[in-house]
Amino acid sequence: MARRRIIPIFVPNWGCPNDCVFCDQKRISGSPLPASGADVARALEAVKARGWSGLELAFYGGSFTAVSPALQAELLEAAQPWLADGTVASIRLSTRPDAVDPEGLAMLKGYGVTTVELGAQSMDDGVLTASGRGHTAADTVRAAGLVKKAGLRLILQMMTGLPGSDRDKDVETARHLIGLAPDGVRIYPTVIVRNTPLEDMWRAGTYREHTVADAVAVCADILPMFEAAGIPVIRLGLNPTDELSAGGAVAGAYHPALGELVRSEILRRQAAALLRDVPPGSHVTLGVAPARVSAMIGQHRRNIASLREEFGLADLAVKATETAGQGVSLVDVRP
Ligand code: SF4
């Protein structure tokens, strides 16, 4: 299915009563905020002038349903002419699990909202508390049910490597989210953003950094779980921005190609399972679909080097094959 062009409207920290330790919304969104219906209208006029249509209007960043109903209505009202003429085909927004109720969802639906994204982040209450989230896992279960009952598409966001979490708890969160049967998930490994409480915790030694390697390891566990359940992972890792790349991300799992690293690790694990019975000293050729050859080889040939070393292979080649499907196959093994 072709990707729909998205018009992002950022609502940093609007209506948010919280202070999540990892959050500096303005820095993460990487954009100043349009703050009124007039700004929404201006953004849509600009895209209409380019002749685009069938767009998705996306309110990102803040807690949309926690702002006053009058302000929600103003923003959504501004989009109505463009919804009516087909410039906008769908509207999505993100919010907190404890800021969702049936009346509010009915209002959103009436304005043509199609998708609600809930920031679940973790399904472990200890992790949620340590991260300053201010809601519980039960809030997420309740909100997810309400969104689905309202006939809206449900997207769940989770984070890995939050304070108090570990690999097992992150995997457990993924399992819980799968049980809520969302239409898609976003996975955001924790990044330590400058001027956040998390930066203070990290500098004080009370939070251990979730490194890129940590994130790759746990995401390589959970990505296949979502895929096996038929739940699309529509984003893995924060969208790179100039500000984060220029030092706004002081530590943690910030990498512009995190998704690619995770896919590469998944293929490395599959290859390792195939190589287990191959005698040391062998010359081996692995097969993968053409689009996966570079992920199988890995950045800087990392997978080749680590597999050769782990299994004592004389050499290891990767070949594009049409028959390998999503996985890895053993094409040739010679002494
Ligand atoms: S709920 Fe947390 S992450 Fe979301 S805007 Fe508020 S402080 Fe930031």
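Quick notes on this structure:
- Full-stretch length increase - residue 71, residue 149 - with 0.36 nm per residue and alpha-carbon distance subtracted: 25.6 nm
- Overall form of region 276-334 per C-alpha gyration tensor (a/c, 1.5; a/b vs b/c): oblate
- Between helix 212-228 and the chain: long-axis angle, C-alpha atoms, 0 to 90°, nearest 10: 80 degrees
- Put a plus charge on the Cβ of each Lys and Arg, a minus charge on the Cβ of each Asp and Glu, and nothing anywhere else: the dipole of region 206-332 about its Cα centre is then about 140 debye.
- Among 23, 130, 264 - extreme Cα towards positive end, dipole of the chain, charges at beta-carbon: 264
- Coarse-grained scattering of the chain at q = 0.06, 0.08, 0.16 Å⁻¹, given as base-10 log I(q)/I(0) from a Debye sum over alpha-carbon atoms: -0.25, -0.44, -1.34
- You can think of it this way: the chain between residue 294 and residue 50 has 84.2 nm of extra reach, that is 0.36 nm per residue less the Cα-Cα gap.
- Principal-axis analysis of the Cα atoms of the chain puts helix 302-311 at an angle of about 40° to the longest axis.
- ³J(HN,Hα), Karplus 6.51/-1.76/1.60, whole Hz, each residue of region 46-58, x for Gly, Pro: 4, 6, 5, 4, 8, x, 7, 8, x, 7, 10, 8, 10
- Using R0 = 41 Å, the C-beta based FRET efficiency linking residue 6 and residue 305 works out to 0.60.
- Cα-based helix-to-principal-axis angle, 137-149 vs the chain, degrees rounded to 10: 70 degrees
- Taking every DSSP helix (H) stretch of at least 4 residues in the chain, weighting each as -39,500 (n - 2.57) and dividing the sum by the residue count yields a mean residue ellipticity at 222 nm of -12000 deg cm²/dmol.
- Note on 310, 322: ascending count of other Cβ atoms within 10 Å places them as 322, 310, the fewest first.
- Subtracting the Cα-Cα distance of residue 114 and residue 283 from 0.36 nm times their residue separation leaves 55.5 nm of extension gain.
Coordinate-derived values only; no laboratory data. The structure displayed is predicted, hence computed values, not measured ones. We place every Cβ from the backbone using ideal geometry, glycine too, and count neighbours over all the protein chains shown.
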